[in-house]
Amino acid sequence: MKCPYCTKDQDKVLESRTLADGEAIRRRRECLECGARFTSYERIEDKPLMIKKRDGSKEIFQREKILKGLMRAIEKRPVSFTQVEELVDSITDALHKKTDREVDSREIGAYVMEQLATLDPVAYVRFASVYKQFEDVGEFIKEIKKL
């Protein structure tokens, strides 16, 4: 590690400490050339999760978008904010565990609908009507019959 004071790269580690439940390591170092002490941090490089949209464009995953869509779907329904938060956390965790850093938006929508159907059928139909972009009442009725 290059010393921030003399720019030499000879140092020794005096102390190492795990931070943030193992997400990072803090190291106190001492330069062997000038004797200055400094701190370095090690973190796993987390590549952003990219979402491939229907039109082929890509954007960085935003948890808040799922939350916002679910909040609209559960409006005036007997579903607590805690239940919605747990659902969003579950979806987010599942996505971040994937080794592929690019996910199709349809995959996310399908997973949201699957989870929402068990939570509240009316909220499911509301979400599905926007997500599936029903063109006519017949498509809407088919979706309701599936329930």
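The values are calculated or read from the model by the stated rules, or taken from the named source; none is laboratory data. In this text, all values refer to a predicted model and were calculated from it rather than measured experimentally. Ideal geometry is used to build each Cβ from the backbone, glycine not excepted, and the neighbour counts take in all protein chains shown.
Data for the structure
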quantity: Selected residue (criterion: nearest to K47 (Cα to Cα)) from residues of segment 113-126 that are in contact (Cβ under 8 Å) with a residue 24 or more places away in the chain and under 20 Å from the mean Cα position of the chain (by Cα); calculated: Q115
quantity: Looking only at segment 95-112, and only at residues there that are buried (at least 17 other Cβ atoms within 10 Å of the Cβ) and among the aliphatic types (A, V, I, L, M), the one that is nearest to E45 (Cα to Cα); calculated: L95
quantity: Qualifying residue in segment 21-41 (condition: in a helix (DSSP H, G or I) and surrounded by fewer than 15 Cβ atoms within 10 Å (Cβ to Cβ)); calculated: yes
quantity: Test: residue in segment 19-37 that is in the same structural domain as A128 (by TED's automatic domain parsing) and among the acidic types (D, E); calculated: no
quantity: Odd one out for K68 among (1) closer than 30 Å to Q115 by Cα; (2) loosely packed, with under 10 Cβ neighbours inside 10 Å; calculated: (2)
quantity: Matching residues in segment 42-73 - criterion: being in contact (Cβ under 8 Å) with a residue 12 or more places away in the chain and part of a loop (DSSP other than H, G, I, E, B); calculated: I44, K47, P48, L49, K53, R54, F61
quantity: Which numbered condition C6 fails, given (1) surrounded by 13 or more Cβ atoms within 10 Å (Cβ to Cβ); (2) in a strand (DSSP E or B); calculated: (2)
quantity: Qualifying residue in segment 74-91 (condition: assigned by TED's automatic domain parsing to the domain that holds G109 and assigned to a strand (DSSP E or B)); calculated: no
quantity: Enumeration of residues in segment 36-62 that are touching a Pro at 6+ places or on another chain (Cβ under 9 Å) and at pLDDT 95 or above; calculated: A36, F38
